[in-house]
Amino acid sequence: MSVRLEREEPLALLVLDRPERLNALDTGSLRTLLAAIRELAADERIRVVILTGAGDRAFAAGADIGEMVEKSPAEALAFAELGQAVCRAIEEAPQPYIAAVNGYALGGGCELALACDIRLASERAVFAQPEVTLGIPPGWGGSQRLPRVVPPGIAGELLYTGRRVGAQEALRIGLVNAVYPAEELLERARELARQIAANGPIAVRLTKAAVRFGLEHGLEAGLAYERQLFAHAFTTGDQREGMRAFLEKRRPTFLGR
Ligand code: DAK
């Protein structure tokens, strides 16, 4: 099994599980991952997803170089489409995704983490887009998402050199939100996920949709979309419950409708 799906409702963990290859992503892993992301997207009981790597060495050491080496251009296109579809499915999923990066996140591994909404790192995390050192450009969105996550000049330097970035540098450039000792990483990710999951589930989904839409379509379109989603929230019981609970000085009980 190259990808494990573990349900801890209201959370789910997706674990890249091919430690003997440092969780390198081959076609089989990508297909399994895509199916799991789609399954979770349809499951309203799951409010937040944590994506991490099995073992203590890697999140994912990239696309599987052994599989890629002899690909024809047409096969390379199909492989890029599959990797991009996985990253897009994470962005389009209703749940926020937290990448818990516990070691190498190289190439496609870094690109997967970039597609997540939030990145947490262990002290051992190492990020890079080393594609140019292999004679290829990034193929799963690194050239597009890295400059949207860190300043474009920093992204350019990392993309053109393939240089590796350790956890502290990743924190400094805004590539990750926080760095924790390796043994604490998953629990810290769960804590953050539970904090998100305690909020109104519809509100969190609408907020992710608004953030993603605005990043892709610009401020004016994003604001128009935001106000529609805001108005939509007033058709839900959760809006009444959240506001009444505040006025009545009690904790809200959100039902997700
Ligand atoms: N693919 C396949 N196998 C990998 C791998 C990878 N990316 N990374 C590691 N492995 C394998 C190693 O070959 C080794 O296998 P055995 O020799 O034991 O059979 C095993 O995992 C353990 O790795 P090492 O022995 O090398 O461990 P070290 O601690 O010495 O080094 C390392 C760890 C992560 C620094 C090193 O393994 C390494 O440099 N790995 C390659 C990292 C890398 O360059 N990753 C980026 C891959 S490129 C596109 C589609 C996709 C992409 C781009 C374009 N299109 C179709 C357009 C994406 C590209 C990438 O992700």
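The values are calculated or read from the model by the stated rules, or taken from the named source; none is laboratory data. This one's a predicted model, so the numbers in the text were calculated from it and none came from an experiment. Every residue, glycine among them, receives a Cβ derived from its backbone with ideal geometry; neighbour counts consider all protein chains shown. For the accessible areas, the whole protein counts, side chains as well, though only heavy atoms, and no ligand, DNA or RNA atoms are used. Shrake-Rupley method; radii C 1.70, N 1.55, O 1.52, S 1.80 Å.
Can you report the number of residues in the range 70-98 which are assigned to a loop (DSSP other than H, G, I, E, B) and under 19 Å from Asp117 (Cβ atoms)?
The total comes to 4.
Say we look at the range 76-106 and pick out the residues that are in contact (Cβ under 8 Å) with a residue 40 or more places away in the chain and within 8 Å of the ligand (Cβ to nearest atom); which of these is surrounded by the fewest Cβ atoms within 10 Å (Cβ to Cβ)?
Ala76
Taking only the range 172-190 into account, find how many residues are under 15 Å from Cys110 (Cβ atoms) and aliphatic (A, V, I, L, M).
Count: 3.
Hey, which of the helices (runs of 4 or more DSSP H) in the range 150-257, taking only ones fully inside, have at least 1 residues that are closer than 22 Å to Gln95 by Cβ and within 25 Å of the chain's Cα centre (by Cα)?
Ranges flagged: 185-197, 201-217, 219-233.
Could you tell me whether any residue of the range 234-246 is free of Cβ contacts under 8 Å to residues at least 24 places away in the same chain, under 16 Å from Pro96 (Cβ atoms), open to solvent by less than 30 Å² (accessible area, probe 1.4 Å) and not aromatic (Phe, Trp, Tyr)?
no
All but one of (1) free of Cβ contacts under 8 Å to residues at least 40 places away in the same chain; (2) under 26 Å from Arg164 (Cα atoms); (3) open to solvent by 10 Å² or more (accessible area, probe 1.4 Å) hold for Leu5, so report the exception by its number.
Condition (2) is where Leu5 drops out.
So which pairs qualify, if the first residue must be in the range 128-142 and of a type in the set (Gly, Ala, Ser), the second must be near the ligand (Cβ under 6 Å from one of its atoms) and in a strand (DSSP E or B), the Cβ gap must be under 8 Å, and the two must be at least 6 apart or on different chains?
The qualifying pairs are Ala128/Leu106; Gly139/Ala63.
Consider only pairs whose beta carbons are under 7 Å apart and that are at least six residues apart or on different chains; among these, list those whose first residue lies in the range 212-230 and is closer than 23 Å to Tyr97 by Cα and whose second residue is loosely packed, with under 13 Cβ neighbours inside 10 Å.
Leu215/Arg148
Return the total of residues in the range 165-179 being β-branched (Val, Ile, Thr), touching a residue at least 24 places away in the same chain (Cβ under 8 Å) and open to solvent by 10 Å² or more (accessible area, probe 1.4 Å).
Looking only at that region, the number is 1.
What about Val132, is it of a type in the set (Val, Ile, Thr), within 12 Å of the ligand (Cβ to nearest atom), open to solvent by less than 30 Å² (accessible area, probe 1.4 Å) and part of a helix (DSSP H, G or I)? Break it down stepwise before answering.
Numbers: of a type in the set (Val, Ile, Thr): yes; within 12 Å of the ligand (Cβ to nearest atom): yes; open to solvent by less than 30 Å² (accessible area, probe 1.4 Å): no; part of a helix (DSSP H, G or I): yes.
So Val132 fails the test.
Could you identify the single residue in Gly139, Gly162, Gly109 that is on the phi > 0 side of the Ramachandran plot and either out of contact with any Leu (no Cβ under 7 Å at 6 or more places or on another chain) or open to solvent by less than 10 Å² (accessible area, probe 1.4 Å) (or both)?
Gly162
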